[in-house]
Amino acid sequence: MTQEIKNPCILIVTPEVTYLPKGMATIASFFRIKAGGLADVSAALISSLFEQGANVHIAVPDYRAMFNDRMTPLLKEELRIIRSRMPGERVHLAEDRAFYYQNSVYANSGSENLKIALAFQREVINNIVPQVQPDLIHCNDWMTGLIPAMARELGIPSLFTIHNIHTYKVLLDQIDDRGIDSAAFWRNLFFDRPPLNYEESRHTNPIDFLLSGVFSAHYVNTVSPTFLKEMIDGWHSFVEPTLKSELFHKWNAGCAVGILNAPDPSFNPSTDPYLAFRYDEYNHFIVKRENKRFFQKKLGLIENPNAPIFFWPSRLDNIQKGCQLLAEILFHVVSRYWNEQLQIVFVANGEYQNYFKDIVNHHQLHQRVAVCNFDDGLERMAYSASDFMLMPSRFEPCGLPQMIAPIYGSLPVAHDTGGIHDTVSHMDVANNRGNGFLFQYFNSEGLSWAIDQAMQFYFLPTETKRVQIGRVMKESKAIFAQSVTASKYIDLYERMLRRPLVNGNK
């Protein structure tokens with residue numbers, strides 16, 4: 001009689017998740033804890049694993065205020081049962097008053113974020129890991145940076161995913177004061193200077209959360225293959241030499257990879273509830289014109305379905321997003337295509353917003369340039385109404401707008417860097433390939449050239465444009481899918497475990 005081989009147990013530790021799959025918990029649809037793309041990736045990965053029959057578990061902070069606001073009394077009772085940690089439960093809520101009353105994933109102060117991170121990791125290390133007894137632990141970002149050190153000490157393979165290079169530093173005695181026995185795994189942590197021993201370093205030698213995760217994890221991944229290589233090769237001065245060095249070591253050991261994020265599946269023009277008129281790759285040409293009319297009227301722009309619209313969706317941050325490049329040339333671009341009634345729409349917050357408002361007011365461009373605060377619905381309308389999407393980022397760890405825009409038939413005009421390089425290729429109509437317009441050098445001349453390239457495409461015959469945009473929409477929907485992202489993580493898990501996640505399926 002053969003003994004049944006159990007599926008390996010995967011524990012995903014994340015501070016945020018957009019949703020959980022139906023069947024994993026009745027309260028799945030109320031688990032919307034989101035600050036960024038990490039929440040979407042976590043949700044997609046957990047859903048794909050669960051649907052394939054994998055033994056997947058999730059550990060998240062018990063953000064009671066956020067959960068309770070969305071729940072009926074019956075669902076609150078089920079959440080109470082989950083909190084009691086019944087055997088067999090796959091959703092594990094880390095409990096601490098540090099995050100019970102939070103209305104967002106991250107607090108406004110560094111000390112509060114540090115308190116939340118230590119409380120979360122204490123619960124995972126002391127309670128959730130011993131209860132779940134995982135075969136593999138997948139940790140995400142600095143808030144989980146201590147857990148790979150503990151996992152290595154226990155001989156549990158761990159994956160550490162860098163979504164953002166932000167980090168915090170903390171002393172061992174602060175970790176101990178929060179109820180974590182750092183003495184059990186301190187040798188696996190990354191210190192400011194090489195530690196002589198535990199006691200010597202306990203009060204004077206800070207450890208870095210992010211670097212500890214990278215240093216101690218068995219595998220590391222970033223959310224863009226190109227951005228990983230750029231960090232290793234020293235392209236970005238903001239990447240600390242220590243992080244570059246640790247990633248270099250992982251890369252040389254064959255233990256560092258890049259896996260792109262993917263947009264939330266709700267970004268779909270055929271089902272998007274925010275659109276005035278829905279469409280797909282087959283009827284986009286007619287319907288996008290109607291969406292453009294609706295959008296122009298809503299924003300007070302010249303109502304002309306033949307006027308090209310360029311859309312800016314990213315925060316107006318001149319450190320990363322390159323909005324200063326557009327500020328330098330905005331008036332010249334609008335003037336250059338004055339007869340075509342070229343229009344530019346911003347749906348974004350940020351310190352540079354007032355610069356663009358001043359330009360609009362000074363040159364009286366109110367019917368050609370709209371500067372709007374960020375709004376979910378308006379963003380989606382802009383994707384559906386625009387012809388082109390502007391993304392001249394100085395650097396891009398991953399980026400999502402350049403993936404969302406082509407799904408809606410809006411072609412990216414972008415700087416060739418990081419995640420943009422991995423997702424956008426220059427339009428080549430003659431060879432029926434490409435999905436946007438890339439410039440190589442980070443300056444306003446490069447952006448201006450790319451806008452001209454986009455306008456050359458806009459001047460092509462109607463049928464040529466219709467075919468090319470339909471092709472781009474169809475390809476993008478297939479490539480920029482969370483199922484694709486999840487499958488890459490699953491392949492990495494199986495490489496780390498050296499066996500399939502679901503026995504008999506492969």
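The values are calculated or read from the model by the stated rules, or taken from the named source; none is laboratory data. Since the model is a prediction, treat every value here as computed from it, not as a measurement. Glycine also receives a Cβ, built like all others from the backbone with ideal geometry; neighbour counts cover every protein chain displayed. Side chains are part of the model used for accessible areas, which takes the heavy atoms of the whole protein and leaves out ligands, DNA and RNA. Shrake-Rupley method; radii C 1.70, N 1.55, O 1.52, S 1.80 Å.
Worth pointing out:
- His363 contributes an accessible area of around 70 Å² to the protein surface, as traced by a 1.4 Å probe with all chains present.
- Ordered from longest to shortest, the equivalent ellipsoid semi-axes for the range 332-478 are 24, 18, 16 Å, each the square root of 5 times a Cα gyration tensor eigenvalue.
- Three-way shape call for the range 220-325 based on the alpha-carbon gyration tensor, with the a/c threshold at 1.5: prolate
- The Cα trace of the range 300-374 gives Rg and Dmax of 11.7, 35 Å, the first to one decimal, the second as a whole number.
- Carbon + sulfur, % of accessible area of the chain - ligands and nucleic acids excluded, 1.4 Å: 51 percent
- Within straight-line cross-link reach of Lys297, aspartates and glutamates at Cα separation under 16 Å, skipping those fewer than 8 residues along the same chain: Glu379
- Compactness of the range 173-272 is given as radius of gyration and Dmax, 17.8, 61 Å, from Cα positions.
- Solvent exposure ordering (accessible area, 1.4 Å, most first) of Asp40, Asp280, Asp317, Asp192: Asp192, Asp280, Asp317, Asp40
- Sequence-distant residues sharing a close amide H with Glu340 (under 5 Å, placed H): none
- Dividing the helix sum by the residues of the chain, where each DSSP H run of 4 or more adds -39500 (n - 2.57), gives a mean residue ellipticity at 222 nm of -12500 deg cm²/dmol.
- The packing ranking, built from the mean of other Cβ atoms within 10 Å per residue, places the peptides 305-312, 331-338, 476-483 in the order 305-312, 476-483, 331-338, highest first.
- Residues whose placed amide H lies under 5 Å from that of Asp96, excluding near-sequence neighbours: Asp62
- Note on Val484 and Phe331: the model spin-label points, each 7 Å out from Cα along the C-beta direction, lie 4.2 nm apart.
- Applying a threshold of 19 Å to the alpha-carbon distances of Lys34/Lys357; Lys229/Lys250; Lys288/Lys477; Lys169/Lys321; Lys321/Lys474 flags Lys34/Lys357; Lys169/Lys321; Lys321/Lys474 as lying beyond it.
- Ordered from largest to smallest accessible area (heavy atoms of protein chains, 1.4 Å probe), the residues Thr242, Thr417 come out as Thr242, Thr417.
- Each Lys or Arg adds one and each Asp or Glu subtracts one; over the other residues with Cβ under 11 Å from the Cβ of Ser266, this totals -3.
- Long-range Cα-Cα pairs in the chain (distance over 44 Å), rounded percent: 20 percent
- For His138, residues with placed amide H under 5 Å, excluding near neighbours: Leu11, Ile12, Val13, Leu159
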